[in-house]
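Peer 1: Here it is, the structure, as structure tokens.
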2 protein chains.
Amino acid sequence: MTLLAGRRTGTVDHGGSLERARALFPGAPEPFVDLSTGINPNSYPLFELPATALSRLPEPGRARDLAAVAATAYGAPSAANVVPAPGTQILLPRIASLVRPGRAFVLGPTYQEHARAAAIAGHQVAEVRSFERLAEADLAVVVNPNNPDGRVVSRADLLGLAEKLRAKGGLLVVDEAFMDVGPQAQSLAGDVEQGGLVVLRSFGKFYGLAGIRLGFALAHPDIAGRLEEELGPWSVAVPSLEYGVKALSDADWQREMRTTLAHAAHRLDQAFARAGVIVTGGTSLFRHVDIPDAAGLFKALGREGILVRSFADRPTQLRCGLPGTEIEWRRLDIALGDWAQDRQPVGEGAVS
Amino acid sequence: MTLLAGRRTGTVDHGGSLERARALFPGAPEPFVDLSTGINPNSYPLFELPATALSRLPEPGRARDLAAVAATAYGAPSAANVVPAPGTQILLPRIASLVRPGRAFVLGPTYQEHARAAAIAGHQVAEVRSFERLAEADLAVVVNPNNPDGRVVSRADLLGLAEKLRAKGGLLVVDEAFMDVGPQAQSLAGDVEQGGLVVLRSFGKFYGLAGIRLGFALAHPDIAGRLEEELGPWSVAVPSLEYGVKALSDADWQREMRTTLAHAAHRLDQAFARAGVIVTGGTSLFRHVDIPDAAGLFKALGREGILVRSFADRPTQLRCGLPGTEIEWRRLDIALGDWAQDRQPVGEGAVS
């Protein structure tokens, strides 16, 4: 058999693996403080599931309930615009396959799975640094707010780009994985009815439930229908349906959590500032720093059992998620303080 | 945007929806006895999940653990041949897309999602009744044992077919969704290393955990790698990983459950026989009947709150799963008895 087109792409580190952390820092004190992801450490409250949650097939009607609740929560025109999926990740190659193989431009640096998915779909992929260049693509991808630096592209600019792409049969993908804590007014969730546009929303990050695998594509009903056919029936597990329906309906929790996370992000910036590091961006779920000695800081924290995210191709950058407990905050404070003290140039710190 | 090739296919009834049952039989006594699926009513024992099961991303290493355990349980050569997925359903269009659009033949009548998936992948799809005709296809699909009639194709015949298809760049898909209760010696799980062959195994049916969405493709590592790339990282939720690792390792439970299910299937055949219905096939997870008055039996059972599976295109056939409790067995016995009594020709039953 000859395997059809689609390039082999290899795997990518995304953080979030304690296994990898232990391999990198074998002598570090356990438990690890895992700040290598942008997942909310304050999970949505767990609740009892129906007795049949694991045994019965998902009810088709429950997936429709979830689509309706998600449409309201995210501001999509209707449930017909919403495709629930077992995480947005599994949708990426399917979305990239909606347009004929051509040029895919990803506004970078950003989450690397978009480039990988576009390559699987047969596109010639390039990461571009200029927003304007995206209009030259057949498939353009913008993560908004961006991961890891938090850069936000305005809704007006994105709508202009979508119109240009649509006019030539192209597609704009806006990954709003972190828009729950971003500037809601810049979301394109309400604009998907016009076509030529797919918006992605993640469930696990803001709700702190990454293990259940749930995400959504928002799109014109023709695109949504096509993606649903690819997923087939029962793509979302029953526990995920139940958590999705409850948490996405819970506007009070969402409002309070945005405030909680904003405070935590501010506290994290202060912790870095005390160590002489100025946070240069991010969202309320992760912060981004760009310093010459990022590699040294990564290692110093790792040896203390604190895992942040480094980037193989950008050695001066780090991403740091939010500690979840006072013990974790304290371990981070101490490790940052020790690193700051150790890095003082020889002589400078010698006052006696 | 012009949506690329791939036919819109509509939805298919598969049983298992209480919502649909209530719409069909609004006056029926609740709770429904749902015998419309082939899902084991004796679920694998539930257990406590790790505290982080819902909050953290799945560990890549845990998916590898699951692949290794599944390789042993199913008899695949190694973990490199195993692709864990959130249900086999989501894999079907991806597998059908491994071969260039051509002729897809599905040995039928059978589970209808295979034809739908092949159509999505751009194939010209036909359901064929003769096993020999499958060799003319580019993509051939055999469900083994078959759903709903339990027909088994021998491993020798399937290997011969796979060789013919492989020689011309085609692909054989063998869906062993019910092989856990089928003749293990006819499984092709151990033969996937030769290529041109994908074997599907379902987790939720035999282990009675359909709600968690877990299934596997077994294939040559080149094909397995390609499918894994399409799924991307974290495609299987943490609870599904944990149940998969534990249940697939539990050979004692598997052995005892095969015996339990064989007894239950025999008991179900006897219940039908008492009502004058001869069961004509199936597996230990569902039984298949073919009688002129199948529609009448479907309705008579439905009105008593007992849902079996009917087939729009085969009005004489029904599929019936296993009752899970003595109360369910008793309700089925009574409903079958009442139906048998009511259908006696006028006069025949009048003895006084």
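The values are calculated or read from the model by the stated rules, or taken from the named source; none is laboratory data. Just so it is clear, the model here is predicted, and its values are computed rather than measured. Cβ: placed from backbone, ideal geometry, glycine included. Neighbour counts: every protein chain shown. Protein only, heavy atoms only, side chains kept; ligands, DNA and RNA dropped before computing areas. Shrake-Rupley method; radii C 1.70, N 1.55, O 1.52, S 1.80 Å.
Peer 1: Could you tell me which numbered condition residue A:131 fails, if it satisfies all but one of (1) under 14 Å from the mean Cα position of the chain (by Cα); (2) open to solvent by 10 Å² or more (accessible area, probe 1.4 Å)?
Peer 2: (1)
Peer 1: Here is a list: B:326, B:304. Which entry is within 17 Å of residue B:34 (Cα to Cα), free of Cβ contacts under 8 Å to residues at least 40 places away in the same chain and open to solvent by 10 Å² or more (accessible area, probe 1.4 Å)?
Peer 2: Selected residue: B:326, the only one of B:326, B:304 that is within 17 Å of residue B:34 (Cα to Cα), free of Cβ contacts under 8 Å to residues at least 40 places away in the same chain and open to solvent by 10 Å² or more (accessible area, probe 1.4 Å).
Peer 1: Just one of B:209, B:188 is within 12 Å of chain A (Cβ to nearest Cβ) and out of contact with any Pro (no Cβ under 7 Å at 6 or more places or on another chain); which is it?
Peer 2: After ruling out the rest, the residue left standing is B:209.
Peer 1: Still on this model: Could you tell me which of the residues A:124, A:112 is away from chain B (no Cβ under 12 Å) and open to solvent by 10 Å² or more (accessible area, probe 1.4 Å)? Write out each step before concluding.
Peer 2: Details: A:112 fails: away from chain B (no Cβ under 12 Å).
The unique qualifying residue is A:124.
Peer 1: I need the full set of residues from the range B:51-60 which are surrounded by 15 or more Cβ atoms within 10 Å (Cβ to Cβ) and either within 21 Å of residue A:22 (Cβ to Cβ) or under 24 Å from the mean Cα position of the chain (by Cα) (or both), in order please. Spell out the reasoning first.
Peer 2: Our first condition is that a residue be surrounded by 15 or more Cβ atoms within 10 Å (Cβ to Cβ); within the range B:51-60, this holds for B:52-60.
Residues satisfying the conditions are B:52, B:53, B:55, B:56, B:57, B:58, B:59, B:60.
Peer 1: Given the condition of a type in the set (Gly, Ala, Ser), under 22 Å from residue B:250 (Cα atoms) and either out of contact with any strand residue (DSSP E or B) (no Cβ under 8 Å at 6 or more places or on another chain) or buried (at least 18 other Cβ atoms within 10 Å of the Cβ) (or both), answer yes or no: does some residue in the range B:162-183 qualify?
Peer 2: yes
Peer 1: Sticking with this structure for a sec: What residue, of B:319, B:309, is among the charged types (D, E, K, R), open to solvent by less than 30 Å² (accessible area, probe 1.4 Å), within 21 Å of residue B:28 (Cα to Cα) and touching a Cys at 6+ places or on another chain (Cβ under 8 Å)?
Peer 2: Unique residue meeting the criteria: B:309.
Peer 1: Given the conditions (1) within 14 Å of another protein chain (Cβ to nearest Cβ); (2) touching a residue at least 40 places away in the same chain (Cβ under 8 Å), and given that residue B:20 satisfies all but one, which numbered condition is not satisfied?
Peer 2: Failed condition: (2).
Peer 1: Continuing with this model, one more query. Can you find a residue that is among the charged types (D, E, K, R) and part of a helix (DSSP H, G or I) anywhere in the range A:138-151?
Peer 2: Scanning the range A:138-151, I find no residue that is among the charged types (D, E, K, R) and part of a helix (DSSP H, G or I), so the answer is no.
Peer 1: For residue A:115, state whether it is at pLDDT 95 or above, among the hydrophobic types (A, V, I, L, M, F, W, C) and either touching a strand residue (DSSP E or B) at 6+ places or on another chain (Cβ under 7 Å) or not assigned by TED's automatic domain parsing to the domain that holds residue A:87 (or both). It would help to see each step written out before you state the result.
Peer 2: Values: at pLDDT 95 or above: yes; among the hydrophobic types (A, V, I, L, M, F, W, C): yes; either touching a strand residue (DSSP E or B) at 6+ places or on another chain (Cβ under 7 Å) or not assigned by TED's automatic domain parsing to the domain that holds residue A:87 (or both): yes.
Judged against the criteria, residue A:115 is a match.
Peer 1: Sticking with this structure for a sec: Taking only pairs six or more apart or across chains, which ones have beta-carbon atoms under 6 Å, a first residue in the range A:287-300 that is touching a residue at least 12 places away in the same chain (Cβ under 8 Å), and a second residue that is basic (Lys, Arg)?
Peer 2: Taking only residues 6 or more apart or on different chains, the pairs are A:288/A:319.
Peer 1: Based on this model, can you work out whether residue B:290 counts as modelled with pLDDT of 95 or more and open to solvent by 30 Å² or more (accessible area, probe 1.4 Å)? I'd like the intermediate steps shown before the answer.
Peer 2: Numbers: modelled with pLDDT of 95 or more: yes; open to solvent by 30 Å² or more (accessible area, probe 1.4 Å): yes.
Judged against the criteria, residue B:290 is a match.
Peer 1: Of all residues in the range A:29-40, count the ones that are at the interface with another protein chain (Cβ under 9 Å from one of its Cβ atoms) and in contact with a Ser or Thr (Cβ under 8 Å, 6 or more places away or on another chain).
Peer 2: Summing the residues that are at the interface with another protein chain (Cβ under 9 Å from one of its Cβ atoms) and in contact with a Ser or Thr (Cβ under 8 Å, 6 or more places away or on another chain) in the range A:29-40 gives 1.
Peer 1: Restrict the check to the range B:137-146 and report whether at least one residue is open to solvent by 20 Å² or more (accessible area, probe 1.4 Å) and modelled with pLDDT of 95 or more.
Peer 2: Yes, that holds for at least one residue.
Peer 1: Pick from the range B:152-178 the residues that are over 19 Å from the mean Cα position of the chain (by Cα) and part of a loop (DSSP other than H, G, I, E, B): which of them is farthest from residue B:100 (Cα to Cα)?
Peer 2: Taking the candidates together, the pick is B:168.
Table: residues versus (1) facing another protein chain (nearest Cβ under 7 Å); (2) in contact with a Pro (Cβ under 8 Å, 6 or more places away or on another chain); (3) open to solvent by 50 Å² or more (accessible area, probe 1.4 Å).
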position	(1), (2), (3)
B:49	no, yes, yes
B:62	no, no, yes
B:66	no, yes, no
B:72	no, no, yes
B:76	no, no, no
B:83	no, no, no
B:89	yes, yes, no
B:95	no, no, no
B:102	no, no, no
